[in-house]
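The values are calculated or read from the model by the stated rules, or taken from the named source; none is laboratory data. Values in this document were obtained by computation on a predicted structure and should not be read as measured data. All Cβ positions, glycine included, derive from the backbone under ideal geometry; neighbour counts span all protein chains shown.
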Amino acid sequence: MIDFENIENDYRSYNFLVDFYRQNKDKAYQTIDISFGNVDFIAANTCSIIGAIFQKLQNSFNGIRLFHINDEVKKTLQRNGFLSFLGFPRLPDYYHTTIQYMKLFPNHSRFFSEYIREELMGKSEIPGMSDRLKKKITEGIYEIFINAAMHSNTKEGIFTCGQFFKTKHKIEFTITDLGIGMRNPISQYLRTSISAVDAIEWAMQEGNSTKPNDSGGLGLAILKHFITLNKGRIQVISNNGFWELSAAGIDKRTFSSEFPGTAVNICIKTDDPMQYVLTDEIIHDEDIF
């Protein structure tokens, strides 16, 4: 029996999940029993990462069983649909706090776009912004999905999930793929070996792209700028690298072992009184808003 821990949106929790995968990745044709006896909180959006890891283990014909789940944790993970993938009944989300757990594939881009508009950007708790800006931020999140679909070489799915934390005044939304990660493709493109953290740092710079004749996505640049003004957060996990942009600045660390893909988590503060407007069709860093 493996003991699970509380899972927050922080480096410690992500490192626990990476280490959990390391301990179990070589198993095949086994039943992996997991105890939630010590768990009284799981940030529901992290089901995107947990679900991707479970899928990776199930691909080796392993079964996964969960035991001793706290009632509140269980209800939350039934409302967002995550536990229905493990045989538990789904519960209705009467409180409208979840962004449903989904397993998608690269050819589901149109469905993902609608999912973002309705499940995330359509929430009344999103800070006030013009329709034009909302469209560009949606494009930035869509760009993350497209990067996962086109460049990760994933054949095992793309996992998305989110949660509105009313008392903490924030929405967290996560996209995870089981692809090849950022380090090797970017190292090949730059023709030099770089670390996973440096690869993430390079990918998150405006204008950088491994796609031919592409100067980088404007949607992602606008998303980053909005998150900075909103005092939210963007976190990226890829290979053994961790990168975070927040009000405190940029935090870069490494994990004890490798994550089997890439995860991007976006945190939007909902108690932001600002009314954001996109002011120019051709946008530069100094005049985005």
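Between residues in the stretch 222-249 that are of a type in the set (Gly, Ala, Ser) and residues that are surrounded by 23 or more Cβ atoms within 10 Å (Cβ to Cβ) and assigned to a helix (DSSP H, G or I), which pairs lie under 6 Å by C-beta distance while being six or more apart or on different chains? From the stretch 222-249, the pairs are Ser238/Ala196; Ser238/Ile200; Gly241/Ala196; Gly241/Ile200.
Any residue in the stretch 149-158 that is closer than 25 Å to Ile268 by Cα, modelled with pLDDT of 90 or more, buried (at least 17 other Cβ atoms within 10 Å of the Cβ) and of a type in the set (A, V, I, L, M, F, W, C)? Within the stretch 149-158, one or more residues are closer than 25 Å to Ile268 by Cα, modelled with pLDDT of 90 or more, buried (at least 17 other Cβ atoms within 10 Å of the Cβ) and of a type in the set (A, V, I, L, M, F, W, C). When restricted to residues that are over 23 Å from Lys168 (Cβ atoms) and without any contact (Cβ under 8 Å) to a residue 40 or more places away in the chain, the stretch 58-91 contains 16. Within the stretch 246-268, being surrounded by 17 or more Cβ atoms within 10 Å (Cβ to Cβ) and farther than 18 Å from Ser13 by Cβ holds for one residue alone: Ile268. Go through (1) assigned to a helix (DSSP H, G or I); (2) over 20 Å from the mean Cα position of the chain (by Cα) for Phe112 and report which single condition fails. It is condition (2) that Phe112 fails. The C-beta contact set for the stretch 155-183 (first residue touching a residue at least 12 places away in the same chain (Cβ under 8 Å), second residue surrounded by fewer than 18 Cβ atoms within 10 Å (Cβ to Cβ) and of a type in the set (Gly, Ala, Ser), distance under 9 angstrom, 6+ apart or interchain) comprises Arg183/Ser193; Arg183/Ser195. Among the residues of the stretch 108-125, are any surrounded by 18 or more Cβ atoms within 10 Å (Cβ to Cβ) and in contact with an Asp or Glu (Cβ under 9 Å, 6 or more places away or on another chain)? Among the residues of the stretch 108-125, not one is surrounded by 18 or more Cβ atoms within 10 Å (Cβ to Cβ) and in contact with an Asp or Glu (Cβ under 9 Å, 6 or more places away or on another chain), which makes the answer no.
Selection of first residues in the stretch 36-55 that are on the phi < 0 side of the Ramachandran plot and at pLDDT 95 or above and of second residues that are of a type in the set (D, E, K, R) and in a helix (DSSP H, G or I), restricted to Cβ pairs under 7 Å at least 6 apart or on distinct chains, gives an empty result.
When you scan the stretch 162-171, do you find a residue that is buried (at least 22 other Cβ atoms within 10 Å of the Cβ), under 18 Å from Val236 (Cα atoms), modelled with pLDDT of 85 or more and not hydrophobic (A, V, I, L, M, F, W, C), even just one? If you could, list the steps in order and put the result at the bottom.
So the first thing to find is which residues in the stretch 162-171 are buried (at least 22 other Cβ atoms within 10 Å of the Cβ), and the list is 162-164, 171.
Narrowing further to those that are under 18 Å from Val236 (Cα atoms): 162-163, 171.
Filter once more, so that each one left must be modelled with pLDDT of 85 or more: 162-163, 171.
Keeping just the survivors that are not hydrophobic (A, V, I, L, M, F, W, C) gives 162-163.
Yes, that holds for at least one residue.
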